[in-house]
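**Student:** Dropping the structure in here first, questions after.
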Amino acid sequence: MPPRIFILSLATFAAATQTYAFVGVLEDVAADLGVSVAAAGQLSSAFAIIFALSAPVSASFAAGLERRSLLVGALTIVAALNLVTAWAPNFEALIGLRVATALASTLVAPVALSAAAVLAPPEARGRALAMVLAGLVFAFTLGIPGGTAIGGAFGWRACFLFAGGLAAVAAGAIAAVLPRVESRERPGLGNLAAALQPRTAALLAVTVGSFLGLFTVVAYVGPMVTRVTGFEGAAIGAVQMFVGFGAILGIVLGGRAADAASPRKALLNCLSVSALSLLAYSGLMQSDETLTEIGRVMLLMATTTFGAASLFALGPIVQSQLIASAPSNQNVVLALNGSMTFLGQGLGAAAGGLVIAQAGLEWIGVAGGALSVLTALIAARLKRVPEPSPVSA
């Protein structure tokens, strides 16, 4: 695998870090700008909604542009917007700047993944995509916690200075190291027709379904961890570290599986593990009489690790197959896949809230597991997934 592919992981690292770097100091944002915490939480919702709606459109119009220049340009704009956000005078300006940043961010991950698919040999494409996605893992294990620590020490505005600096460093490194990566894709909204192809649509459904199931639980991880272990505050963050451990494991296994002979089987294996992990959360919340406190903590850590591993392993498998299914529209289908990620997160949080209101917190794992099983049924209909084919620069 060409070493220059490693530099592309900086793009996804910077993009994911700036998306969530401030959420750990959300109460400080709300207090400083005179809004409620619920209102401040709309910063993340607005970003996700705008990203989900605009990513396919921006990718369609930018499909024919040279990848390095497009990626450097997008990261430069993201860096500038984050730096400006650090001086936002009020909440209205802040949310407007986050919307603008979401629009610019839509071009980062899909373009980085598309460039990796071009630069890597076909037999190593899955591992190349996994390497780029590893930037997301390090964002959740290093970048986002780092932003929270900086915001706690120097104020919430420092989170955006930190995020803007990371994006600027990524832009400079990619400009210096990455070669030109030309595109033969045609620009225009006609590219969105690729999503109507049955196999492409099924793969996108796997993405949205897997995130929908997971975020039915993950959106309420704080009260869930407290219910299982009694942990509160910073102790919950210690449990969340196991998401990072699982993500690293998943990225490695998913990259290998994406290049293997039966990616369909790998998809089913991942979704099966995900369903069992989500069901286990409900079991743990109802196990007070049957398990010791240490036993509950250990099982929770194991469940968190394997659940995260199954989700992150899906990424390179699905994306490799999307590229193989729509080689002439890879930038668009990768952007659509990013939209499905955000859509699944939002729908999952809504589904979890509905389950809690109607049945109680202890049932969110059952609901998430059921959604993962339904997603596995969609994956099972992929009777023959095409083998990766060469993609021309």
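The values are calculated or read from the model by the stated rules, or taken from the named source; none is laboratory data. The shown structure was predicted, so the numbers you read here are calculated from the model rather than taken from an experiment. Here the Cβ positions follow ideal geometry from the backbone for every residue, glycine too, while neighbour counts run over all protein chains shown. Just so you know, the surface numbers come from the protein's heavy atoms only, side chains and all, with ligands and any DNA or RNA stripped out. Shrake-Rupley method; radii C 1.70, N 1.55, O 1.52, S 1.80 Å.
**Student:** Just one of LEU336, LEU299 is part of a helix (DSSP H, G or I), open to solvent by 30 Å² or more (accessible area, probe 1.4 Å) and touching a helix residue (DSSP H, G or I) at 6+ places or on another chain (Cβ under 7 Å); which is it?
**Tutor:** Values: LEU336 fails: open to solvent by 30 Å² or more (accessible area, probe 1.4 Å).
Of the residues listed, the single one that is part of a helix (DSSP H, G or I), open to solvent by 30 Å² or more (accessible area, probe 1.4 Å) and touching a helix residue (DSSP H, G or I) at 6+ places or on another chain (Cβ under 7 Å) is LEU299.
**Student:** Inside the range 65-93, can you point out the residues that are crowded, with 23+ Cβ neighbours inside 10 Å and either without any contact (Cβ under 8 Å) to a residue 40 or more places away in the chain or among the β-branched types (Val, Ile, Thr) (or both)?
**Tutor:** ALA74, VAL78, THR85
**Student:** Tally the residues that are under 17 Å from SER372 (Cα atoms) and either assigned to a loop (DSSP other than H, G, I, E, B) or of a type in the set (Val, Ile, Thr) (or both), restricting the search to the range 259-274. So that I can check it myself, show each step before the final result.
**Tutor:** In the first step, residues of the range 259-274 are kept if they are under 17 Å from SER372 (Cα atoms); the result is 264-274.
Filter again for either assigned to a loop (DSSP other than H, G, I, E, B) or of a type in the set (Val, Ile, Thr) (or both), leaving 273.
Residues flagged as under 17 Å from SER372 (Cα atoms) and either assigned to a loop (DSSP other than H, G, I, E, B) or of a type in the set (Val, Ile, Thr) (or both) within the range 259-274 amount to 1.
**Student:** Please determine whether any residue of the range 49-64 is surrounded by 18 or more Cβ atoms within 10 Å (Cβ to Cβ) and not in a helix (DSSP H, G or I).
**Tutor:** So far as the range 49-64 goes, yes, one or more of its residues are surrounded by 18 or more Cβ atoms within 10 Å (Cβ to Cβ) and not in a helix (DSSP H, G or I).
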